[in-house]
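Please read the structure below before turning to the comments.
Throughout, read-outs are computed from the coordinates displayed, never taken from laboratory work. In this text the structure is predicted, and so the values were computed from the model without any measurement. Please note: Cβ atoms are built from the backbone with ideal geometry, for glycine as well, and neighbour counts cover all protein chains shown.
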Amino acid sequence: MRAGGLLTLAPLPEGINLALGRTALDEYGKKVPLTDGNVLAGGSEWISGTPNVFGRTFTVDLGMDRAINRVRLLPGGTAQVQPEYFVRGYRLEVSSERQPEIWLRLAEQRANFQMTVDTSQDTTWSTFDAAGNPVPRVGRYVRLTIIREDRSNWVSLGDIEVYGTGYSSEGRLSGVLEFAGPVNIGRLLWQGEALEGTQVRLWTRGREGQQDGAWQEASAALFAGAEPQGGLDYQVELTTADPLITPGLSQLSVEWDPVLVARRSWGSVQPDTARKGEYTTLTYRVDLELESGDYGVDYLQLGATIGVEAVLFNGVPVEHQWRADESEGRTRIELGQALRESGVLEVTGRALVLQDRTVILSSVGSRVQESAAGYVNWQNAAEAPGATWTVRGLGAPPRLISAVEISPRPFSPFRDGQVEFGFVVGNLQQETEISVEVFSLSGAKVRRLSQVGGARAYSLAWDGRDQDGRIAAPGLYLYEIRVDAEDDAASRTGTLVVAY
């Protein structure tokens, strides 16, 4: 499926009051009814109750930066009965979300004689272009300051209206793709331009076999839902934090293969509980249903890092090779011979459980398909009925940073090549930066290593060179491993020896 043409955010419609329904506060932080679209006397107007109004301020929060080119001040209901109760002088200013303390002037009138102030109908706007049009100012907060008072009259304000130009802050395009039969969905590709402050995101949802029917963000190139699928829902989301810039999407492509790796596959794990922070032996079971026209299973991928100890098919050991990727949280197993009949594939190995719930997804792949397409189009399994592929972690959460293992000790850049810092980060709910810094005894920073990840085992390697690429002199060095999470932070320090 290909969607051509350029997709952008919609221009902001003219005549839309951006302040309607937003929060308006006076200088004391008290809410005032100046953005409700109602100017009736009583509860939907602000009335001073005194002629002393010089310096009074009212601030409207638009919720995000907008390109503002017009403001209207409507009189309240009392001013319509007492026409002299209008604003005698005003200043309108704007400040941005990034720098809310810096106010820029939009318009100013020191001697106003109009009950309704409309900057598009007068010459009070601060800046105009060569064609005489008001130049927009970007900001989130609009402030009205009363700069003149009448000693015999009060002031009645009904509403503050704000208008702008540019683009809508977000937009979505949804579509449905129907297949002629069950297929293995392949790569999800899109081309576009996302300038600073903008974003293009793709969401997909299979039409069959989904556990909860939830949308999944296509952060990777391959479809993440259960397969095979007879249809695919997709949704493109464009957003911008800059009202004058829009991201663009020029093409969306979805690849699929009508030949399946297996007719169906279901994953489950036993045991379904483990002690947090301890390595546990798990057996992962994949029930395979294959037919003669399927590719057959050459590869198995598990969504956890597992030290594989045995692989069996229908109880018989299978020749295999495996590789665990800690950074991706995956284990890939390559079978010595393709499986071309239905049966049960079992993988036994040791895994480290750190979270309350660890979901171990699985998918199968084919060498024939890989050779034809140039990449492995993993076919995702579904959770086995009546079983689970989730391991529940028992016990108290482990420490944020475990003890550190350094190998080799001592370390020689010439003989060993690199030294490994091995440790486990636990009790981390969201991905964050994990860093290792090496210092000389004088406190000078020699090298900084970092990765972004979640709760898992880490191994960061140092090649013995400083930040300028020079080999560190022999001697004793200090190191600090640091994790800065949103709600927690921890560090571990120690020493290592560099020897020639």
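Of 326, 27, how do they rank once you tally other Cβ atoms within 10 Å and put the fewest first? Before the final figure, lay out each step's value.
Details: 326 15, 27 12.
Ordered from fewest to most neighbouring Cβ atoms within 10 Å, 326, 27 come out as 27, 326.
With +1 on each Lys and Arg Cβ and -1 on each Asp and Glu Cβ, and nothing else charged, work out how big the dipole of the chain is about its Cα centre, in Debye to the nearest 20.
On the way: 47 positive and 64 negative charges, 208 e Å.
The dipole magnitude comes to about 1000 debye.
Suppose only helical runs count, i.e. DSSP H with n ≥ 4. What mean residue ellipticity at 222 nm does that imply for the chain under -39500 (n - 2.57) per run, divided by all residues and rounded to the nearest 500 deg cm²/dmol?
On the way: 2 runs with 12 residues, N = 500.
That calculation yields -500 deg cm²/dmol at 222 nm.
Quote to one decimal, in nm, the extra length available between residue 118 and residue 468 on full extension: 0.36 nm per residue of separation minus the C-alpha distance between them.
Working: separation 350, 0.36 × 350 = 126.00 nm, distance 6.09 nm.
Gain on extension, residue 118 to residue 468, equals 119.9 nm.
Quote to one decimal, in nm, the extra length available between residue 387 and residue 279 on full extension: 0.36 nm per residue of separation minus the C-alpha distance between them. Walk me through the numbers before you get to the answer.
Details: separation 108, 0.36 × 108 = 38.88 nm, distance 2.21 nm.
Using 0.36 nm per residue and subtracting the Cα-Cα distance, I get 36.7 nm.
Below 8 Å between Cα atoms, with a sequence gap of 6+, how large is the relative contact order for the chain in percent? Provide the component values of the computation, followed by the final result.
Numbers: 1346 pairs, mean separation 59.0, N = 500.
Result for the chain is 12 percent.
Fewest first, what order do 306, 406 take by the number of other Cβ atoms within 10 Å? Write down the numbers at each step before the final one.
Working: 306 23, 406 18.
Going from sparsest to densest Cβ surroundings: 406, 306.
Tell me which residues come under 5 Å, amide H to amide H, from residue 251 once H is placed; ignore anything under 5 positions away on its chain.
Here 191 satisfy the definition.
Under a plain spin-label model, where a point goes 7 Å from the Cα along Cα-to-Cβ, how far apart in nm are residue 241 and residue 445?
Here the modelled spin labels are 2.4 nm apart.
State the Cα centre-to-centre distance between segment 233-266 and segment 96-149 in whole Å.
The distance from the Cα centre of segment 233-266 to that of segment 96-149 comes to 42 Å.
With the cut-off at 1.5 for a/c, could you classify the chain from its C-alpha gyration tensor as rounded, prolate or oblate? Don't skip to the answer; put the middle values down first.
Details: a/c = 2.81, a/b = 1.79, b/c = 1.57.
Prolate, since a/c reaches 1.5 and a/b exceeds b/c.
If I model a spin label as a point 7 Å beyond the Cα along the Cα-Cβ vector, how far apart are those points for residue 54 and residue 189 in nm?
7.0 nm
Sticking with the crude label model, points 7 Å out along Cα→Cβ, report the distance from residue 172 to residue 375 in nm, one decimal please.
Calculated label separation equals 2.6 nm.
What shape does segment 350-470 have by the C-alpha gyration tensor, where a ≥ b ≥ c are the square roots of the eigenvalues, rounded means a/c under 1.5, and otherwise prolate means a/b greater than b/c and oblate the rest? Don't skip to the end; give the middle numbers.
Numbers: a/c = 2.94, a/b = 1.56, b/c = 1.88.
Judged from the Cα gyration tensor, segment 350-470 comes out oblate (a/c at least 1.5, b/c at or above a/b).
Per 0.36 nm of contour for each residue apart, how much would the distance between residue 214 and residue 111 grow if the chain were fully extended, relative to their Cα-Cα spacing? List each step's numbers first, then the result.
Details: separation 103, 0.36 × 103 = 37.08 nm, distance 5.83 nm.
Gain on stretching residue 214 to residue 111: 31.3 nm.
Just report the Cα centroid separation between segment 163-217 and segment 275-340, whole Å.
About 31 Å separates the Cα centre of segment 163-217 from the one of segment 275-340.
At what distance in angstrom do the alpha carbon centres of segment 374-399 and segment 460-493 lie from each other?
Spelled out, the Cα-based centre of one part sits 33 Å from the other.
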